[in-house]
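Participant: One structure follows; several queries about it will come next.
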Amino acid sequence: MSKGLPKRSEDYSLWYNELVKKAGLAENSAVRGCMVIKPYGYAIWEKMQRQLDDMFKATGHQNAYFPLFVPKSLFEAEEQNAEGFAKECAVVTHYRLQNDPDKPGKLRVDPNAKLEEELIVRPTSEAVIWNTYKGWIQSYRDLPLLINQWANVVRWEMRTRLFLRTAEFLWQEGHTAHATAEEAIAETEQMLEVYATFAEQYIALPVIRGIKTPNERFAGALETYCIEGMMQDGKALQAGTSHFLGQNFAKAFDVKFATKDGGLEYVWGTSWGVSTRLMGALVMAHSDDEGLVLPPKLAPIQVVIVPIYKGEEQLAQISEKVLKLKKELEAKGISVKFDDRDNERPGFKFAEWELKGVPVRLAIGARDLENGTAEIVRRDTKVKSSQQFDSLATYIPALLDEIQESIYNKALNYREEHTTKVDSYEEFKEVLETKGGFVLAHWDGTPETEERIKEETKATIRCIALNTPDEDGVDMITGKPSKRRVYFAKAY
């Protein structure tokens, strides 16, 4: 098959878009700015969802579901949050269509069906959830309340890109309530670590854990924690956020609880979420000019076996051995595809599964049957080897673990090679233009300096990294004192 993929080095953006489509992950829909997630892409999202859901439940959270529509009066109750999302909201104003008397066979909005109050299609669910929590929380015995929702949200985007930025996307959003600020902050930090662990151990994406600046903070939060990954073009991608809301939403929706000593206090809140943007991170962090490179833990098909044969008798002999191996591997939780299609040549199959990023490919022909071997090709390194067939049930699980670790280490090495300390603004701009990646520089802590750098270089402060030592220095523009370096980068 002819993949027809552009090269990353020539047009990274076009390479990404074409790969997402040609690998069968997603495509543009008839609705402007929205996407159709195809079965192969959705299978990856399901594996992400299943693992994250297990991690959430292991930390005491439960799933619930809340309405898609938010009355405007609820949405605007927390002013900072409403203002932060106002320009991205889709709004429902009418509840009925009717036949158009001027255009037979066409419909129009019924002018007499205007809603008394507009409904916002949720861009995030804090408003409707905190309004609900008012009825759920009465006493300290009701706390902590640890709820997660798997849902879709709408944020009206004009410039869209599959998975990375679409008008509608899938995500999960956790919303928790606590008796004390300390408990809420501990929850916020715990969930950030859940995201970081998932990114590193499953997506094989090394991430920087940090705090956003006030300019980049979630609207309505007192503090926003984030994980930041680096893509192969040297741009950063925010892969997940966790927000300490303080008592902002509790006060906006009057969510109070009776304390042990008989008092009445507002609860403390958090929210946290990751979305199908993780699919974009997966593609951009690891894939190459031949197609997807999937970490085994998230690959829908971990092993593909292609028979090379002449005649039905040879195919039957190969199939007998392959199906036995397939059963053994599946018993160990490994997903296996035996591609015995008779309408495609082996070379076509090799290229197809390479495009789709299957971590391990086995080829078995007549000579392999005689020798009791199989040819194995790793997708990440393209290295070929010959292995004894009888050892494959033991060899392949270990190989998948090795591939998972190798993909992570390659991404980590790339990040380390593209993380640069600078002390002058001239060097800062030069690194951004010639090398890219993360730039560690001192910042005086003012929004004015942050905004100037963004306007002049398109780079933003990705985060103030957690657990980094203080380092006295001066801001590269203003010369004002600074206590530590922060992570700058151009970003998606």
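The values are calculated or read from the model by the stated rules, or taken from the named source; none is laboratory data. Please read all numbers here as calculations on a predicted model, not as lab measurements. For neighbour counting, all protein chains shown are included, and Cβ atoms are generated from backbone atoms with ideal geometry for every residue, glycine included. The area values use the complete protein model at the heavy-atom level, side chains included, leaving out ligands, DNA and RNA. Shrake-Rupley method; radii C 1.70, N 1.55, O 1.52, S 1.80 Å.
Participant: Exactly which GluC sites (Glu not before Pro) in segment 1-30 are in a DSSP loop and have at most 11 other Cβ atoms within 10 Å?
Facilitator: Of the GluC sites (Glu not before Pro), the ones in loops of segment 1-30 whose Cβ has at most 11 other Cβ atoms within 10 Å are 10.
Participant: Zone of residue 483 (label point 7 Å along Cα→Cβ, backbone N under 18 Å): which residues in segment 208-227?
Facilitator: 210-215, 223-225
Participant: Principal axis extents for segment 325-376, Cα atoms only, whole Å, descending order, please.
Facilitator: 29, 29, 18
Participant: Further question on the same structure: Tell me which residues come under 5 Å, amide H to amide H, from residue 240 once H is placed; ignore anything under 5 positions away on its chain.
Facilitator: 227
Participant: Tell me, what HN-Hα J-couplings in whole Hz come from the Karplus equation 6.51 cos²θ - 1.76 cosθ + 1.60 at θ = phi - 60° for each residue of segment 197-205, using x for Gly and Pro?
Facilitator: Result, rounded to whole Hz: 4, 5, 4, 7, 8, 10, 6, 6, 10.
Participant: Further question on the same structure: Would you please put 221-227, 52-58, 278-284 in order of how densely packed they are, using the mean number of other Cβ atoms within 10 angstrom per residue and starting with the highest?
Facilitator: Averaged packing, sorted descending, gives the order 278-284, 221-227, 52-58.
Participant: Give the cross-link partners of residue 103 among the lysines, using a straight C-alpha distance below 24 Å as the criterion and excluding same-chain residues fewer than 8 apart.
Facilitator: 114
Participant: Related question: For the chain, what is the relative contact order in percent, using Cα pairs closer than 8 Å and at least 6 residues apart in sequence?
Facilitator: About 14 percent, as a whole number.
Participant: I would also like to ask the following. Using a 1.4 angstrom probe on the protein heavy atoms only, line up 50, 32 by accessible area, largest first.
Facilitator: Sorted by accessible area, descending: 32, 50.
Participant: Here's a follow-up. If you roll a 1.4 Å probe over the chain with all protein chains in place, what percent of the accessible area is carbon or sulfur?
Facilitator: About 48 percent, which is the carbon plus sulfur part of the accessible surface.
Participant: Between residue 158 and residue 58, what is the label-point separation in nm under the 7 Å Cα-to-beta-carbon projection?
Facilitator: A separation of 4.4 nm, rounded to one decimal place.
Participant: Keeping all protein chains in place, calculate the accessible area per residue for segment 352-414 (probe 1.4 angstrom), answer in Å².
Facilitator: Per-residue accessible area for segment 352-414 comes out at 46 Å².
Participant: Follow-up question, since we're still on this one. Give me a comma-separated list of calculated 3J(HN,Hα) values for segment 175-184, in order, Karplus coefficients 6.51, -1.76, 1.60 applied at θ = phi - 60°, integers in Hz, x for any Gly or Pro.
Facilitator: For segment 175-184, the Karplus-derived couplings read 9, 10, 10, 9, 7, 9, 4, 4, 5, 5 Hz, x marking Gly and Pro.
Participant: Something else about it: Would you pull out the residues with amide H under 5 Å of residue 223's amide H, same chain only if 5 or more places away, H placed 1.01 Å from N?
Facilitator: The list, which skips near neighbours in sequence, is 244.
Participant: Of 340, 102, which has the most accessible area and how do the rest follow, probe 1.4 Å?
Facilitator: 102, 340
Participant: Using only DSSP helix segments of four residues or longer, with each worth -39500 (n - 2.57), what per-residue ellipticity at 222 nm results for the chain after dividing by its residue count and rounding to 500?
Facilitator: For the chain, the value works out to -11000 deg cm²/dmol.
Participant: OK, next. I need the phi-derived Karplus couplings for segment 380-393: 6.51 cos²θ - 1.76 cosθ + 1.60, θ = phi - 60°, integer Hz, Gly and Pro marked x.
Facilitator: The phi angles translate into 6, 10, 6, 6, 9, 8, 10, 10, 5, 4, 5, 9, 5, 5 Hz.
Participant: Which percent of Cα-Cα pairs in segment 95-185 sits in each 5 Å bin, short to long?
Facilitator: P(r) over segment 95-185, rounded to whole percents: 3, 10, 13, 13, 12, 13, 13, 9, 5, 4, 2, 2, 1.
Participant: Could you compute how much accessible surface residue 332 exposes when probed at 1.4 Å, giving the result in Å² to the nearest 10?
Facilitator: 110
Participant: Oh, and also: Find how many whole Å separate the alpha carbon centroid of segment 433-492 from the alpha carbon centroid of segment 139-216.
Facilitator: A separation of 24 Å, based on Cα centres.
Participant: Can you pull a Stokes-Einstein diffusion coefficient for the chain at 4 °C (1.567 mPa s), Rh from Kirkwood over Cα pairs, as a whole number of µm²/s?
Facilitator: 51
Participant: Pulled fully out, how much extra length does the chain show between residue 427 and residue 323, if you take 0.36 nm times their separation in residues and subtract their Cα-Cα distance?
Facilitator: So the extension gain works out to 31.5 nm.
Participant: I'd like to check one number: the per residue accessible area of segment 416-481, probe 1.4 Å, reported in Å² as a whole number.
Facilitator: Solvent-accessible surface per residue comes out at 55 Å².
Participant: Mind scanning 235/297; 21/327; 382/410 and naming the pairs with a C-alpha gap bigger than 21 Å?
Facilitator: From the list (235/297; 21/327; 382/410), the Cα-Cα distance tops 21 Å for 235/297; 21/327.
Participant: A further question on this structure: Give the average over all directions of the projected area of the C-alpha convex hull of segment 341-492, one decimal, in nm².
Facilitator: 13.5
Participant: Using a probe radius of 1.4 Å on heavy atoms only, what accessible surface per residue do you get for segment 1-123? Whole Å² is fine.
Facilitator: 60
Participant: Separate question: From zero up to wherever the largest Cα-Cα distance of segment 232-342 sits, split into 10 Å bins and tell me the percent of pairs in each.
Facilitator: Percent of pairs per bin, in order: 11, 21, 18, 16, 14, 10, 6, 3, 0.
Participant: To the nearest 0.05, how large is the calculated FRET efficiency for residue 381 and residue 348 if R₀ is 22 Å and r is the Cβ-Cβ distance?
Facilitator: Working from the Cβ atoms, E equals 0.50.
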